[in-house]
Amino acid sequence: SFNTDDPRVAVFSTLQPICSVILQSRSNPPELTSLLLGLNTLLQEVDVQGLQACVEYVLFPLRLILDCASGGGEQQEQGGVAIPAATSERVVEATLKCLFTVLSRCNIERKEQILSVIARLTALLPDNNNSTSSSNKAGVGDGSPASEEVVQSILTNLICLFTNMPPPGKAILTKDEEAAPLIGHLISKLLSTAEGQFKAGSLGSRVIRAKS
């Protein structure tokens, strides 16, 4: 099904059926999780050149879900969509898997893409004021403590983004005034997360501390 002279067209025709219905399951966590896992499988299989051309199309629903995950099921901006299923940790896990596949296979080069991904991952990191193992919560909107797997996945995505970022993208992060507050906030949260795991002693996660 991927055989065509235009990889972009082939990849889009493969991803469009599932991407177009993802948000229709916004109120059904099991269904949305299943769709996201199916999408992740396709993201791993499609032609990488074609996937690169479809990055923005794929990132759109993923960013919406992560936005709502940190906002109690609703997008934070005025008039934003509501995705109640985004408060499910399984939905967040599946979304982060999709994002990791995109970040590991594609170059995220546009300023808007880079900053929006960093902003959403930063928002999901544990709160600075609740850094101990018992109270450390990622921004999943159901209010329950985030699992170690979710926090690790957030950090893994950040590492992948920065590791694979082309030089122009890194220049944006170091020289762009708009990026400075966001990067400062991210660094603060990473330090706080690492400190919280260290203070938790044997109850803390060495993996999370190291990745932070």
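The values are calculated or read from the model by the stated rules, or taken from the named source; none is laboratory data. Owing to the predicted nature of the structure, the values given are computational and were not obtained by experimental measurement. Cβ placement follows ideal geometry from the backbone for every residue including glycine, while neighbour counts extend to all protein chains displayed. Heads up: the accessible areas ignore ligands, DNA and RNA and are worked out on the full protein's heavy atoms, side chains in. Shrake-Rupley method; radii C 1.70, N 1.55, O 1.52, S 1.80 Å.
First select every other residue whose beta carbon is under 14 angstrom from the beta carbon of VAL11; then total the charges, Lys and Arg +1, Asp and Glu -1. Combined, the nearby Lys, Arg, Asp and Glu give -3.
Rounded to the nearest 0.05, what FRET efficiency do GLN24 and GLU149 give with R0 = 30 Å and r taken as the Cβ-Cβ distance? Could you check? Plugging the Cβ-Cβ distance into 1/(1 + (r/R0)^6) gives 0.65. Put a dot 7 Å past the Cα of SER104, heading toward its Cβ, do the same for LEU191, and the two dots end up 3.1 nm apart.
Within the full protein context, the accessible area of LEU32 is estimated at about 0 Å² for a probe radius of 1.4 Å. Compared with the alpha-carbon gap, the fully stretched path from THR174 to ASP6 is longer by 56.9 nm at 0.36 nm per residue.
Go ahead and run the numbers for FRET between SER34 and GLU56, Cβ-Cβ distance against an R0 of 30 Å, rounding to 0.05.
0.80
Taken per residue, the accessible surface of the stretch 13-67 reaches 42 Å², heavy atoms only and a 1.4 Å probe. The heavy atoms of ILE183 offer some 30 square angstrom of accessible surface to a 1.4 angstrom probe.
Over the residues of the stretch 9-114, compute the C-alpha Rg and express it relative to 2.2 N^0.38 Å.
1.01
Roughly how much of SER88 is accessible, in Å² to the nearest 10, using a 1.4 Å probe? Spelled out: SER88, probe radius 1.4 Å, area about 30 Å².
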